[in-house]
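One structure is given here, and the rest of the page talks about it.
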Amino acid sequence: MGRRRRRRPDPADAARALPEAIAALSRALPAAPSPETFRRAKFDRPEAAPALWRLLFRVLSPLPADGASASLALEAQARWVKSALRSQGYPRQALVQLPDEGFQGGRELLLALAWLLARGPLPERLLTQSRVRLGDEMPLCECEALASPGLPAPSVEAEGCVDIRHLQWLMGKLRLRWRNLMAGQQEQCALLGQIHAYTRGCHSDRSLGHLSVTETELLRDPKGGRQLLLQLETENARLEAALEWRRRELVFWQWMDTVLDACPPEASLPTFLPRIPKLGAGAAGLLVRELQALQEELREAVEARRAAWQAAVGGHGPEWRAARRALQTAVAQDLAALQRAWEQDEGRSRPHGPCRLVRTEARVPGGPGLWAAGVTEALRAREACLEAVLSQLQSQCRQELARLAGARPGLIWILPPAH
């Protein structure tokens, strides 16, 4: 039998694969631009920049698109995208140097989007955040919200001295909004409890036993089911686009190589494109040795910088040494508290992500889920730790204010009352 000839790849098929891959990526991302915008961004066309600024803002923003983030101007979105990428360790400085009006830097924005895609499953994470929730859910952790820089704060440049009464007014306004938020949360929990109690036994799933808010709303207004059906169809279309993107993403990364080649030679190119190396035993050993050598170089550099820093600040006297000992003691206490918390949990990792709220009877044995009492106990322990840290910081601030007031003989400083 003769050897079967391998079919050569058709250039026409390769030319069609790239637009299809970019189109799949556009359908998987929220409000992504068209494939033509990606092509224009490769050549750094100014008309491609606004759409990519808005896309990066939607990708990096922790809030839904219908919230306060949708009303931000393009300049504010551009500033926020720069801050978010810098906080996540984006290596290129060319993006930070772009103007804030949002009409330049299409190629740099395309590189930033590719960097986010290479870091992790970005389409899957966005689909998880924007999925249709049929049940009443509660997040068990705020890891993503704490890691996100949040919305841009209004920049206020103070000319001269700052009025302490204005700061007190802002603090009172913050307390009022916090109380309103807590009251709203308590009211929402009370309404959820009433719905779960009134619809007990109405659900077809015996493990749930009651209806959720969405399901109750469908019973009250059946016409709302059309809108829910449209949302589910949109979500299914994005899921199909994400699967297609995973099948075709290699073509996209090959095209991104050409985008990197189009960058000016003086720009520092980040090595963020994913590659799957084929390493044998010898190559793996060589890689381990190179990593060990790099770790040794980093350790030597850290030791040299630490010695130089200690020589520079070593002459500050006993006050600096006392502050350093106090800082070391505080760090040791925090580490000990973390160790105790880990031992109390017996090394079990705490659950992450949202969980559906299910109302059960007190006599019913617990299943694979979590009881509200256990979650409340963990939150109270976390609250106690945060209050202890806040009390320590307030004490340090009072001591520093007293020291500054003592440096001026004619100044009388009245400390604020402790809350």
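Return yes or no: is residue 240 under 30 Å from residue 21 (Cα atoms), at pLDDT below 85 and not in a loop (DSSP other than H, G, I, E, B)? Judged against the criteria, residue 240 is not a match.
Restricting attention to region 303-326, does a residue exist that is among the β-branched types (Val, Ile, Thr) and modelled with pLDDT of 80 or more? Looking for residues that are among the β-branched types (Val, Ile, Thr) and modelled with pLDDT of 80 or more, one finds none in region 303-326, hence no. For residue 228, are the conditions met, namely being surrounded by 14 or more Cβ atoms within 10 Å (Cβ to Cβ), in a helix (DSSP H, G or I), among the aliphatic types (A, V, I, L, M) and modelled with pLDDT under 90? It is true that residue 228 is surrounded by 14 or more Cβ atoms within 10 Å (Cβ to Cβ), in a helix (DSSP H, G or I), among the aliphatic types (A, V, I, L, M) and modelled with pLDDT under 90. Taking region 84-138 as the range and being among the small types (Gly, Ala, Ser) and closer than 30 Å to residue 234 by Cβ as the test, the residues that pass are 84, 102, 106, 112, 114, 118, 120, 130, 135.
Residue-level check: of (1) over 29 Å from the mean Cα position of the chain (by Cα); (2) basic (Lys, Arg); (3) at pLDDT 85 or above, residue 289 misses just (3). Among the residues of region 95-119, those that are open to solvent by 30 Å² or more (accessible area, probe 1.4 Å) and of a type outside the set (S, T, N, Q) comprise 96, 99, 100, 101, 103, 107, 118, 119.
Kindly evaluate residue 357 against the criterion of being modelled with pLDDT of 75 or more, of a type in the set (A, V, I, L, M) and open to solvent by 80 Å² or more (accessible area, probe 1.4 Å). Taking the combined requirement at face value, the residue does not satisfy it. Considering each residue of region 68-76 in turn, none proves to be open to solvent by 10 Å² or more (accessible area, probe 1.4 Å), charged (D, E, K, R), modelled with pLDDT under 90 and under 24 Å from residue 129 (Cβ atoms). A Cβ distance below 7 Å, combined with a sequence gap of six or more or placement on separate chains, defines the contacts here; from region 230-247, residues that are over 12 Å from residue 131 (Cβ atoms) reach residues that are open to solvent by 80 Å² or more (accessible area, probe 1.4 Å) in the pairs 237/27; 241/27.
Answer with yes or no whether residue 179 is open to solvent by 80 Å² or more (accessible area, probe 1.4 Å), without any contact (Cβ under 8 Å) to a residue 60 or more places away in the chain and either of a type outside the set (A, V, I, L, M) or assigned to a loop (DSSP other than H, G, I, E, B) (or both). Here the answer is yes, as residue 179 does meet what is asked.
Does residue 199 qualify as being touching a helix residue (DSSP H, G or I) at 6+ places or on another chain (Cβ under 7 Å) and either surrounded by 10 or more Cβ atoms within 10 Å (Cβ to Cβ) or small (Gly, Ala, Ser) (or both)? It is true that residue 199 is touching a helix residue (DSSP H, G or I) at 6+ places or on another chain (Cβ under 7 Å) and either surrounded by 10 or more Cβ atoms within 10 Å (Cβ to Cβ) or small (Gly, Ala, Ser) (or both).
The values are calculated or read from the model by the stated rules, or taken from the named source; none is laboratory data. Values in this document were obtained by computation on a predicted structure and should not be read as measured data. Every residue, glycine among them, receives a Cβ derived from its backbone with ideal geometry; neighbour counts consider all protein chains shown. Each accessible area value is taken on the protein alone, full model and side chains, heavy atoms only, with ligands, DNA and RNA left out. Shrake-Rupley method; radii C 1.70, N 1.55, O 1.52, S 1.80 Å.
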